[in-house]
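Enquirer: Handing you a structure now.
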Amino acid sequence: APSLQPPPFDRRVMRCSKQTVDDMKQLHDIWSDSSGPATVRQLRLHALLIGIILQIMPDEIRDLRMDDEAGLWWRVESELRCDLSKPIDLDMLSEMAARSVRTVVRACRLSTGMSPMKRVKQLRLSYARGLVTLSELSMTEIAFRVGYSRVQELSRDYRKAYGVMPTDDRRRGPGY
């Protein structure tokens, strides 16, 4: 799982099929039953978890690579997620990865299907949406926390990405 792309914000809580529910019950039963050999139990748990991940994985990420080259981007992104408030550019990403800009761009495209700066914007907006719907922070504070210097820029990009203004999204709530 550490090498898998995190699910998009709108897919983190979702309806699932009866098969997924049944698999989750079976997962609980296997986890709860300690009567058999531990190794067999662990293997059954992992196999079932892989099946569940395949069921809920969005179609748009099924064809993305998960090899070492793509893993370079996931290491960079993991570091980025620690503080999205700071300015981010390609040179900074290159420095973080200790690789050339071209290598970082290629790794990002292989692992996410998009350019690094587009991915950074997606991360910022996803984090912003979580803060908008699940916190009581002001829009100004949210904008600064996710790396926007002006609330208007956040609002513009937010509306473009989600089809609604952040304040309207806050009024609607998290939707689950």
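The values are calculated or read from the model by the stated rules, or taken from the named source; none is laboratory data. Keep in mind it's a predicted model, so treat the numbers as computed, not measured. Here the Cβ positions follow ideal geometry from the backbone for every residue, glycine too, while neighbour counts run over all protein chains shown. Just the protein is used for accessible areas: all its heavy atoms, side chains included, with ligands, DNA and RNA removed. Shrake-Rupley method; radii C 1.70, N 1.55, O 1.52, S 1.80 Å.
Enquirer: Going by amide H atoms built from the backbone, whose H comes under 5 Å of the H on SER115, apart from near neighbours?
Expert: Close amide H contacts, sequence-distant or interchain: none at all.
Enquirer: Using a ≥ b ≥ c from the Cα gyration tensor of the chain (square roots of the eigenvalues), is it rounded, prolate or oblate, where a/c under 1.5 gives rounded and otherwise the larger of a/b and b/c decides, a/b for prolate?
Expert: Oblate shape, in that a/c is at least 1.5 and b/c is the bigger or equal ratio.
Enquirer: Where the only charges are on Cβ atoms (+1 Lys, Arg; -1 Asp, Glu), what is the dipole of the chain about its Cα centre, to the nearest 20 debye? Write out the running numbers ahead of the final one.
Expert: Details: 29 positive and 23 negative charges, 92 e Å.
Charge dipole, the chain, about its Cα centre: 440 debye, nearest 20.
Enquirer: Further question: On the full set of protein chains, 1.4 Å probe, figure out the accessible area of LYS25 and give it in Å² to the nearest 10.
Expert: 120
Enquirer: Of SER78, LEU90, MET24, whose Cα points farthest to the positive end of the dipole of the chain (charges on the beta-carbon: +1 Lys, Arg; -1 Asp, Glu; origin at the Cα centre)?
Expert: The residue sitting most towards the positive pole is LEU90.
Enquirer: Turning to a different aspect of this structure: Using a Gaussian network model of the chain whose springs link C-alpha atoms within less than 10 Å, name the residue from GLY36, GLY130, GLY113 with the highest mean-square fluctuation.
Expert: Highest fluctuation of the listed residues: GLY36.
Enquirer: If packing is taken as the average number of other Cβ atoms within 10 Å across a peptide's residues, how do 168-174, 121-127 rank, most packed first?
Expert: Result, highest mean first: 121-127, 168-174.
Enquirer: Given a Förster radius of 45 Å and the C-beta distance between ALA98 and ASP29 as r, what FRET efficiency does 1/(1 + (r/R0)^6) yield to the nearest 0.05? Don't skip to the answer; put the middle values down first.
Expert: Values: r = 46 Å, r/R0 = 1.02.
After rounding to 0.05, the efficiency reads 0.45.
Enquirer: Using θ = phi - 60° and the Karplus curve 6.51 cos²θ - 1.76 cosθ + 1.60, what whole-Hz ³J(HN,Hα) does each residue of the stretch 151-160 get, with Gly and Pro shown as x?
Expert: Whole-Hz 3J(HN,Hα) from phi for the stretch 151-160: 4, 4, 5, 4, 4, 4, 5, 4, 5, 5.
Enquirer: Using a probe of 1.4 angstrom, how much of the accessible area of the chain is carbon and sulfur, in percent?
Expert: Accessible surface attributable to carbon and sulfur in the chain totals 54 percent.
Enquirer: Over the chain, how many pairs of lysines fall under 27 Å by alpha carbon, counting only those 8 or more apart in sequence or from different chains?
Expert: Lysine pair count for the chain: 5.
Enquirer: Hey, what did the chain get for relative contact order, percent, Cα under 8 Å, at least 6 apart? Numbers along the way, then the final one.
Expert: Working: 141 pairs, mean separation 34.6, N = 176.
Computed over the chain, the figure is 20 percent.
Enquirer: Still on this structure, please answer the following. I'd like to know which of PRO37, LEU134, SER149 lies farthest towards the positive end of the charge dipole of the chain, counting +1 on Cβ of Lys and Arg and -1 on Cβ of Asp and Glu.
Expert: SER149
Enquirer: May I ask you to give the solvent-accessible area per residue for the chain, in square angstrom, as obtained with a 1.4 angstrom probe?
Expert: 64
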